[in-house]
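S.K.: Please see the structure below; I have some questions.
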Amino acid sequence: MPSDAHQNQPLIDPDIFAEVGEIVGDELSGLLNKYIEDADLHLSKLSAAAQAMELHTISEVTHTFGTASAHMGFMRLHTLLRSVEIMANQEEAANYPDLIASIQRCYQALLIELGR
């Protein structure tokens, strides 16, 4: 199981998120929409992969989703995704459907924080 260290992190790192906002300016809303669209696809793939115990797919998707999350400043989600990625890479025995459910809960909390 991943540690609970991610719970000590803010959902959104305000410095990183502000920097992204400065870089993209008026395009921030569109960027967030694209992130959400991609996140929904990632979550769907993760759910299917967890049910089938496809650890390679879990690793690939958590890596991609985690990197996108980090770039946006969504550090709690990034840390959780990274933990699951490492577990899948090491082929650790785990209840992956429960881990993906934890990722989904963190993502939902993020959407609430973003007002989405």
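S.K.: Only Lys, Arg, Asp and Glu count, each charged at its Cβ (+1, +1, -1, -1), so figure out the dipole size of the stretch 71-116 about its Cα centre, rounded to 20 debye. Please list the in-between numbers first.
M.R.: Details: 4 positive and 5 negative charges, 55 e Å.
The calculation lands at about 260 debye.
S.K.: If you don't mind, there's one more thing I want to ask. Of the listed peptides 27-38, 57-68, what is their order by residue-averaged count of other C-beta atoms within 10 Å, with the highest listed first?
M.R.: On the way: 27-38: 13.2, 57-68: 20.3.
Ranking, from highest mean packing down: 57-68, 27-38.
S.K.: Here is a follow-up. To the nearest 20 debye, what is the magnitude of the charge dipole of the chain about its Cα centre, counting +1 on the Cβ of each Lys and Arg and -1 on the Cβ of each Asp and Glu?
M.R.: Values: 6 positive and 17 negative charges, 55 e Å.
For the chain, the charge dipole is close to 260 debye.
S.K.: Also, quick follow-up: Of 66, 46, 16, which is farthest towards the positive pole of the chain's charge dipole, taken about the Cα centre with +1 and -1 on the beta-carbons of Lys, Arg and Asp, Glu respectively?
M.R.: The residue sitting most towards the positive pole is 46.
S.K.: Using bins 5 angstrom wide from zero, how does P(r) for the stretch 11-114 break down, in % of all Cα pairs?
M.R.: 2, 13, 25, 24, 16, 10, 6, 3, 0
S.K.: At what distance in angstrom do the alpha carbon centres of the stretch 12-49 and the stretch 69-116 lie from each other?
M.R.: Measuring centre to centre over Cα atoms gives 14 Å.
S.K.: Compute the relative contact order of the chain as a whole-number percentage, counting only Cα pairs closer than 8 Å that sit 6 or more residues apart in sequence.
M.R.: Working: 111 pairs, mean separation 42.6, N = 116.
RCO, the chain: 37 percent.
S.K.: Calculated FRET efficiency, residue 101 and residue 19, Cβ-Cβ r, R0 22 Å, to nearest 0.05?
M.R.: On the way: r = 31 Å, r/R0 = 1.42.
Efficiency, from the Cβ-Cβ distance: 0.10.
S.K.: With helices defined as uninterrupted DSSP H runs, which ones in the chain have an alpha carbon span along their own long axis of at least 18 Å and mean Kyte-Doolittle hydropathy of at least 0.0? Spell out each step's value before the answer.
M.R.: Values: long enough: 28-52 (36 Å, 0.15); 55-72 (25 Å, 0.16); 75-89 (20 Å, 0.33); 96-114 (27 Å, 0.59).
Sorted by number, the helices that extend far enough and score high enough are 28-52, 55-72, 75-89, 96-114.
None of the figures in this text is laboratory data; all of them are computed from the coordinates on show. Because the structure is predicted, anything quoted here is derived from the model rather than measured. In this analysis, Cβ positions are derived from the backbone assuming ideal geometry, glycine residues included, and neighbour counts consider all displayed protein chains.
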